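Single-structure report; data block below.
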Amino acid sequence: MNKLFYIIILLSFAKQISAQHIAGKVFTADGKGNKEEVSGATVYWFGTSVSSTSDSIGMFSIPNPDTIPAQLIVTMVGFLTDTIRIEKFDRSDVFVVLKNSVNLNIVEVAEKQGTTLNKLFTPINTEVISGKELLKAACCNLSESFSTNASVDVAFTDAVSGAKKIQMLGLDGVYTQILSENMPMLRGLSASYGLNYIPGTWIENIMVTKGTGSVVNGYESISGQINLEFLKPQEQKKRFFINVYGNHKGRAEANVHAAKKINTKLSTMLFTHASSNTMKQDMNKDGFLDMPLTRQYSVFNRWDFHNQKNFEAQFGIKGLYETRQGGQTNFINSSERDSSNHYGIGINTKAMEYFSKTGFMFPSKPYKSIGIQTSGKWQQQDMYFGLKSYNGEQKNFYANVIFANIINNTNHKYKLGASYLLDDYSENFNDTAFARTESVPGVFAEYTYSHPDNFSLVAGIRADYHNIYGVFYTPRLHIRYNVTKKTTLRLSAGRGFRISNVFIENQSVFASSRKIVMNEKLNPEIAWNYGISVNQQFKLFGNEAFVNLDFFRTDFENQVIVDLDQSVNKVVFYNLDGRSYSHSLQMDMGFEPLENFAVKLAYKWYDVKSTYNKELLDKPFVPKHRVMLNMAYSTYMDIWKFDFTSNWLGQSRIPSTVLNPVQYQLPKHSKDYFLLNAQITKKFRKFEMYLGCENILNYTQKNPIIASENPFGSNFDASMIYAPVEGRIIYFGLRIEIK
């Protein structure tokens with residue numbers, strides 16, 4: 001009832017607010033009468049900073065001008081700028097057809113745009129991380145793409161596998177729904193290492209949503225959504241792209257992209273990736289590799305078709321092969337994995353997947369469409385940690401059908417649809433087999449009320465039937481209110497539901513002598529998330545600046561508790577018996593004290609607690625306080641770029657080790673520490689080079705492995721990680737573009 005009360009209050013608040021706007025659609029014409037929607041066109045009022053951008057089907061909406069008549073400017077690179085005279089407020093029928101620019105002596109004048117963008121006119125709290133922002137760091141894969149972002153945290157899971165995990169709102173990444181162009185992506189067997197499978201150069205932008213997302217994308221989002229938009233062939237000015245990377249510790253990577261426009265309707269793009277880490281490193285002399293030896297190969301081919309009338313389609317296929325070998329420095333290979341001579345780990349992953357998206361439009365009704373999304377995946381993951389072994393196979397199929405339309409006018413939009421999710425798991429841990437098949441059909445409805453100058457609302461609900469756990473409902477609500485033109489207030493509330501995959505999501509405990517204990521059937525994880533955020537824009541040093549402040553609370557109805565405190569010799573999994581919640585407070589700001597010099601500063605406070613064996617305790621390895629500073633400076637035309645990032649991480653709780661012998665006991669709390677990164681980039685005519693350093697202070701966790709001298713003994717534990725285990729890394733790279 002409390003949850004329902006909160007939602008009623010939010011809906012009541014929404015009904016008291018109204019606003020007006022101008023809405024329409026942007027097209028291009030090919031000279032033969034054929035029209036095509038334009039995505040990414042900029043729409044703004046002449047003489048003001050009030051602007052908007054056309055969406056994926058060319059639709060835009062912008063707040064009313066202060067006075068009438070007013071001039072609405074529509075601009076897009078490669079097309080002639082158009083000016084529309086608006087003489088009436090509240091229009092929703094502005095249709096603009098842009099003409100191709102004359103390809104003679106073209107001089108392009110562009111305004112420099114920030115590398116991250118907070119969407120002020122959308123009800124859902126979303127931050128867009130552009131491809132340019134990803135270039136500020138080494139960014140070899142997705143796990144390294146958030147080093148300059150304050151909303152997403154990245155941490156190691158153990159001291160031997162090299163796996164990384166993300167955290168949002170103080171919660172592990174499994175509570176964040178990771179999407180590939182609005183379709184579920186990293187889940188199931190890819191939860192632990194999937195961040196390492198996506199090269200950063202493949203990504204066009206990343207959209208980070210805090211709190212529960214849209215019901216259209218499924219029921220699994222609890223703490224947030226991360227949607228990856230990959231480079232698209234029809235939008236590429238770069239016909240050929242190469243990125244090579246190497247560091248002084250033996251890691252090497254290469255990414256090659258090639259785009260080809262077959263004809264005016266069909267285009268394709270090929271992505272390839274190869275990486276390896278072949279040099280053994282043991283900086284702290286504990287007899288274990290700091291990072292595993294790895295080899296990874298992946299390929300992705302996508303095709304885009306647009307008939308320039310009423311139909312478009314995208315489809316693609318990916319393949320992945322990766323091997324990891326770590327453990328003691330004198331461990332040779334898997335041939336001695338069943339002996340206790342030397343401790344080794346091995347992780348072998350194979351995966352194949354496909355996706356397809358089709359859209360049907362109605363030219364006479366540009367606001368009406370039907371979309372169909374499908375994807376399928378097969379993944380096999382075999383692992384061993386010393387004498388422990390795990391073999392897993394997942395077969396997945398996903399389908400989603402979405403119908404979008406309006407009610408009377410574009411102020412009232414709705415989406416209706418149905419989805420189907422099939423997961424087939426086959427797992428073996430040591431000598432015990434586990435298998436299950438999850439079949440989940442669902443339906444959803446989402447209503448959007450929008451007067452974009454100061455108010456919008458998205459209310460959605462979905463119902464899904466799980467073949468094992470029955471029917472469950474997922475309501476969600478998002479509200480945006482612009483108090484002034486520079487001040488945006490957002491409220492959100494919603495419910496999320498997910499099934500835990502305890503082995504793969506907690507594989508870090510394999511790197512220890514702990515026994516795995518499950519004394520009861522584990523139920524689905526269910527949580528409510530509530531959020532409030534304020535964005536304020538203002539002038540500072542004569543330039544645009546902003547401050548964001550947000551607070552989110554997550555309450556679990558049920559959670560799978562991973563208890564490391566009961567005993568140093570076991571990890572116990574059980575259903576929540578008590579309270580479990582997360583409080584997340586973040587304040588960040590950005591400003592430019594000098595031309596071409598951008599500064600971002602952020603502070604985060606976490607209060608994350610769960611009930612462990614009848615006692616409410618802080619969640620382990622989650623620092624209560626974090627501070628981030630990012631500074632970026634570029635010279636004229638970006639010939640030189642300098643980037644510096646500093647992260648300070650406060651103390652976090654360490655699970656109890658009082659039952660260990662004295663020499664193997666850890667303190668109750670970790671130490672606070674700094675992580676500093678820097679990069680310099682030099683652009684030439686046809687290519688650019690970059691040189692950088694990660695972990696400049698060379699900070700590592702002291703003695704990260706408990707009882708490393710006896711890895712087959714009862715006290716061995718490599719999972720108590722709160723800081724890096726790898727020291728300073730100096731890297732160099734080269735990017736080549738052929739247009």
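The values are calculated or read from the model by the stated rules, or taken from the named source; none is laboratory data. Computed from a predicted model, the values in this text were never measured in an experiment. Note that we place each Cβ from the backbone using ideal geometry, even for glycine, and neighbour counts take in every protein chain shown.
Condition first: acidic (Asp, Glu) and either outside the structural domain of Ser356 (by TED's automatic domain parsing) or under 19 Å from Gly494 (Cβ atoms) (or both). Now tell me which residues in the stretch 156-193 satisfy that.
Asp172
Kindly indicate the residue of the stretch 670-724 that is of a type in the set (A, V, I, L, M) and within 20 Å of Val568 (Cα to Cα) and also nearest to the chain's Cα centre (by Cα) among those meeting that condition.
Ile721
For the stretch 578-597, does any single residue satisfy the condition of being over 27 Å from the mean Cα position of the chain (by Cα), at pLDDT 95 or above and part of a loop (DSSP other than H, G, I, E, B)?
Checked against the condition, which is being over 27 Å from the mean Cα position of the chain (by Cα), at pLDDT 95 or above and part of a loop (DSSP other than H, G, I, E, B), the stretch 578-597 yields at least one hit.
Residue-by-condition table, conditions (1) within 24 Å of Phe305 (Cβ to Cβ); (2) surrounded by 20 or more Cβ atoms within 10 Å (Cβ to Cβ); (3) under 26 Å from the mean Cα position of the chain (by Cα):
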site: Gly371; (1), (2), (3): yes, yes, yes
site: Phe385; (1), (2), (3): no, yes, no
site: Glu393; (1), (2), (3): no, no, yes
site: Tyr449; (1), (2), (3): no, yes, no
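Among the candidates Lys25, Lys3, Lys32, which residue alone is charged (D, E, K, R), at pLDDT below 80 and in contact with a strand residue (DSSP E or B) (Cβ under 9 Å, 6 or more places away or on another chain)?
Only one candidate passes the filter, namely Lys3.
Output the number of the condition that Gly213 fails; it satisfies all remaining conditions of (1) surrounded by 24 or more Cβ atoms within 10 Å (Cβ to Cβ); (2) under 26 Å from Pro724 (Cα atoms).
All conditions are met except number (2).
Identify, from the list Lys668, Lys682, the residue that is in contact with a Phe, Trp or Tyr (Cβ under 7 Å, 6 or more places away or on another chain), charged (D, E, K, R) and assigned by TED's automatic domain parsing to the domain that holds Asp607.
Result: Lys682 is the single residue among Lys668, Lys682 that is in contact with a Phe, Trp or Tyr (Cβ under 7 Å, 6 or more places away or on another chain), charged (D, E, K, R) and assigned by TED's automatic domain parsing to the domain that holds Asp607.
Which of the residues belonging to the stretch 465-488 are crowded, with 18+ Cβ neighbours inside 10 Å and farther than 30 Å from Glu520 by Cα?
Within the stretch 465-488, Arg476, Leu477, His478, Ile479, Arg480, Tyr481, Asn482, Thr488 meet the criteria.
Which residue is modelled with the highest pLDDT, if the candidates are limited to the stretch 446-497 and must be polar (S, T, N, Q) and touching a Leu at 6+ places or on another chain (Cβ under 9 Å)?
Per the stated criteria, the residue is Ser492.
Applying the selection to the stretch 101-152, what residues are modelled with pLDDT of 80 or more and of a type in the set (Phe, Trp, Tyr)?
Of everything in the stretch 101-152, just one residue is modelled with pLDDT of 80 or more and of a type in the set (Phe, Trp, Tyr), namely Phe146.
Glu312 passes all but one of (1) closer than 20 Å to Lys164 by Cβ; (2) part of a strand (DSSP E or B); which number fails?
(1) is the only condition that Glu312 fails.
I'd like the full set of residues that are of a type in the set (Val, Ile, Thr), outside any loop (DSSP other than H, G, I, E, B) and closer than 29 Å to Lys280 by Cβ, limited to the stretch 315-331.
Of everything in the stretch 315-331, just one residue is of a type in the set (Val, Ile, Thr), outside any loop (DSSP other than H, G, I, E, B) and closer than 29 Å to Lys280 by Cβ, namely Thr323.
Identify, from the list Ser646, Ser670, Ser652, the residue that is under 18 Å from Asp565 (Cβ atoms), out of contact with any Asp or Glu (no Cβ under 8 Å at 6 or more places or on another chain) and either touching a residue at least 24 places away in the same chain (Cβ under 8 Å) or buried (at least 20 other Cβ atoms within 10 Å of the Cβ) (or both).
Residue meeting the stated conditions: Ser670.
How many of the residues making up the stretch 178-188 are surrounded by 24 or more Cβ atoms within 10 Å (Cβ to Cβ) and part of a helix (DSSP H, G or I)?
Looking only at that region, the number is 0.
Restricting the search to the stretch 148-177, which residues are outside any strand (DSSP E or B) and either of a type outside the set (A, V, I, L, M) or within 17 Å of Asp555 (Cα to Cα) (or both)?
Within the stretch 148-177, Thr148, Asn149, Ser151, Thr157, Asp158, Ser161, Gly162, Leu169, Gly170, Gly173, Val174, Tyr175 meet the criteria.
So Arg462 clears everything in (1) touching a helix residue (DSSP H, G or I) at 6+ places or on another chain (Cβ under 9 Å); (2) more than 21 Å from Tyr530 (Cα to Cα); (3) crowded, with 20+ Cβ neighbours inside 10 Å except one condition, right? Which one?
All conditions pass for Arg462, except number (2).
Residue-wise test of (1) under 30 Å from Lys388 (Cα atoms); (2) in a strand (DSSP E or B); (3) under 28 Å from the mean Cα position of the chain (by Cα).
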position	(1), (2), (3)
Val568	yes, no, no
Val571	yes, yes, no
Val599	no, yes, yes
Asp607	no, yes, yes
Ser610	yes, yes, yes
Pro620	yes, no, yes
Val627	no, yes, yes
Asp643	no, yes, yes
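Hey, among Lys350, Lys365, Lys357, Lys415, which residue is among the basic types (Lys, Arg) and under 25 Å from Gln325 (Cβ atoms)?
Answer to the check: Lys350.
Among Ser508, Ser500, Ser533, which is under 21 Å from Leu387 (Cα atoms) and either hydroxyl-bearing (Ser, Thr, Tyr) or modelled with pLDDT of 95 or more (or both)?
Unique residue meeting the criteria: Ser508.
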